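Taken together, the values in this text are just the output of simple stated rules run on the coordinates, not laboratory data. All figures in this text were calculated on a predicted structure; none of them were measured in a lab. Quick reminder, even Gly has a Cβ in these numbers, built from the backbone with ideal geometry, and neighbours come from all protein chains shown.
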Amino acid sequence: MKIKDKIEVFQRFAIEVAKQEGEASVKACLDSCGQELEAFRKAKHEDMERQFKIEESRIRRQMNREVSREMLRQKHMVDDCSRKWQEKLMGRVRELLAEYQGTGSYLEYLAAKIRMAQQVAGEDEVTIYINPSDAGKKEFLERETGTRLTVSSIEFGGGIRAVIRSRNLLIDESFVTKLEQEEACL
């Protein structure tokens, strides 16, 4: 074999080895780039997921604040409406009560409550108070019930109040108390 042939064989061998090394180097570089690309994609995906969750959480908090604000506004509206209707209702009840206090049925009611207080007292001494606005009805009620009545110095809207001191007992059948109890239930 001549030198020229040897050089040619050596040249092909060297080119073949360089080609193999180049392909291996390119393959290693591609593998490395592929791994880096995959790691980059994974990191970006995780970052996007994290950003998505943060944004979702922020939007949920904002929506919850808005929902709470709207619920509070609606509750205030309902409370205002309820309060207005309650005031209107209680105003109408007071009007009807004032009309009732001018009837004979009211006198019968007072007489029945006075008798009830007498029954509760039994043999014990009882002081029965009537409202100052009912002072004109005192004599009639005393004759009707056979009981001495006292006109209260405190306005209690009608009805009676009775005190049994020996038992430390107050019988409160006043309209003011009954209206307060009804308003508390509304």
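On a 0 to 90 degree scale, rounded to 10, what angle separates helix 3-100 from the longest Cα axis of the chain?
10 degrees
Express in % the proportion of alpha carbon pairs of region 1-100 at distances exceeding 24 Å.
71 percent
Quick check on the chain: of the DSSP beta bridges with both residues there, what percent are antiparallel, nearest 5%?
Given both bridge residues lie in the chain, the antiparallel proportion sits at roughly 75 percent.
Rounded to the nearest 5, what % of DSSP beta bridges with both residues in region 104-185 are antiparallel?
Antiparallel: roughly 75 percent of the beta bridges in region 104-185.
Sort 20-30, 104-114 by the packing proxy (mean of other Cβ within 10 Å over each peptide's residues), most packed first.
Highest-to-lowest ranking by the protection proxy: 104-114, 20-30.
Highest GNM mean-square fluctuation, the chain, Cα pairs closer than 10 Å: which of ASP124, ASP47, ASP80?
ASP47
Using only the C-alpha atoms of the chain, find the volume of their convex hull and express it per residue in Å³.
Hull volume normalised by residue count: 214 Å³.
Let me make sure I get this right: for region 105-181, a, b and c are the square roots of the gyration tensor eigenvalues over alpha carbons, sorted descending. Under 1.5 in a/c it's rounded, otherwise prolate if a/b > b/c, else oblate. Which is it? Please report the intermediate quantities before stating the final value.
Values: a/c = 1.56, a/b = 1.11, b/c = 1.40.
Oblate, since a/c reaches 1.5 and b/c is not below a/b.
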